[in-house]
Amino acid sequence: PIEEWLYYDNGIFNKSIGSEDGAIFWGIKFEPEQLANFEGCSLTQISLYDIEAGTYQLLVCQGGVTQPGTLVYYQNLELEGTHGWRTIATEAPVNLSVTDPRWIVIGQQGIAYPAAVCTNSGEANGRWVSLDGTHWTDLASYNLNFTWMLRAFVTDQIGKSRQLNNEGSALTNYNLYRSTTGANYELVAQIPFVEGEDFYQYHD
């Protein structure tokens, strides 16, 4: 099973930042080469450092070099201002494309300083910012040397059922073993399988 958090931050809160008019979008981007080991996975949770109570937006986008590409998922988030990490499940698994960049974006309008940052990790894809949701730039272009405290959880364990392929094999018998030490088990008997039989017994 694959279960992994993708992120750039160091986990240590430094400060919160925002814009004068109270509108800001911040995002992290993962390149195809970073996602190569996650083919068949889905994004099922995000985690962000919760600064102030309010309604936020989660946007997951596919593609795009210097700004998010196609919107593939949208969800409103209600934060409580706990000043700690907040993990929120997506309402449905979001397919994780490994052939195009994948953007994880948070938007907020109305709170002056909603976006938590840590010290700069040195990775430019951990500090994308926009004041209108359309025009994007590096946070460092504002002389803000930080990295967003935002993470994405990807997994291939999403509750799907799959039919096992048992072609070429068939149940023939049950094996009964015994050990007096909990090790070095000895085969005692092979009890034949009988089609339609629900219960089996063996007398030693």
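For segment 150-170, the set of residues classified as open to solvent by less than 90 Å² (accessible area, probe 1.4 Å) and at pLDDT 85 or above consists of 150, 151, 152, 153, 154, 155, 156, listed by residue number. For segment 172-189, the set of residues classified as open to solvent by less than 100 Å² (accessible area, probe 1.4 Å) and modelled with pLDDT of 85 or more consists of 172, 173, 174, 175, 176, 179, 187, 188, 189, listed by residue number. In the set 57, 75, only one residue is open to solvent by less than 60 Å² (accessible area, probe 1.4 Å), in a strand (DSSP E or B), more than 16 Å from residue 28 (Cβ to Cβ) and in contact (Cβ under 8 Å) with a residue 12 or more places away in the chain; that residue is 75. The set of residues in segment 68-118 being among the polar types (S, T, N, Q) and more than 29 Å from residue 156 (Cβ to Cβ) consists of 82, 108, 109. Candidates in segment 24-49 are the residues that are open to solvent by less than 20 Å² (accessible area, probe 1.4 Å) and farther than 17 Å from residue 153 by Cα; of these, the one that is farthest from the chain's Cα centre (by Cα) is 24.
Every residue, every condition in (1) touching an Asp or Glu at 6+ places or on another chain (Cβ under 7 Å); (2) within 14 Å of residue 68 (Cβ to Cβ), yes or no:
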residue: 105; (1), (2): no, yes
residue: 111; (1), (2): yes, no
residue: 114; (1), (2): yes, no
residue: 122; (1), (2): no, no
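When 73, 113 are screened for being aromatic (Phe, Trp, Tyr) and more than 20 Å from the chain's Cα centre (by Cα), only 113 passes. Of all residues in segment 4-19, those that are within 30 Å of residue 39 (Cβ to Cβ) have Cβ atoms under 6 Å from Cβ atoms of residues that are surrounded by fewer than 16 Cβ atoms within 10 Å (Cβ to Cβ), 6 or more apart or on another chain, in 8/123. Scanning segment 124-134 for residues that are within 23 Å of residue 54 (Cβ to Cβ) and either out of contact with any Asp or Glu (no Cβ under 8 Å at 6 or more places or on another chain) or open to solvent by 20 Å² or more (accessible area, probe 1.4 Å) (or both) gives 127, 128, 130, 131, 132, 133, 134.
The values are calculated or read from the model by the stated rules, or taken from the named source; none is laboratory data. Owing to the predicted nature of the structure, the values given are computational and were not obtained by experimental measurement. Note that we place each Cβ from the backbone using ideal geometry, even for glycine, and neighbour counts take in every protein chain shown. SASA here: full protein model, heavy atoms, side chains in, ligands and nucleic acids out. Shrake-Rupley method; radii C 1.70, N 1.55, O 1.52, S 1.80 Å.
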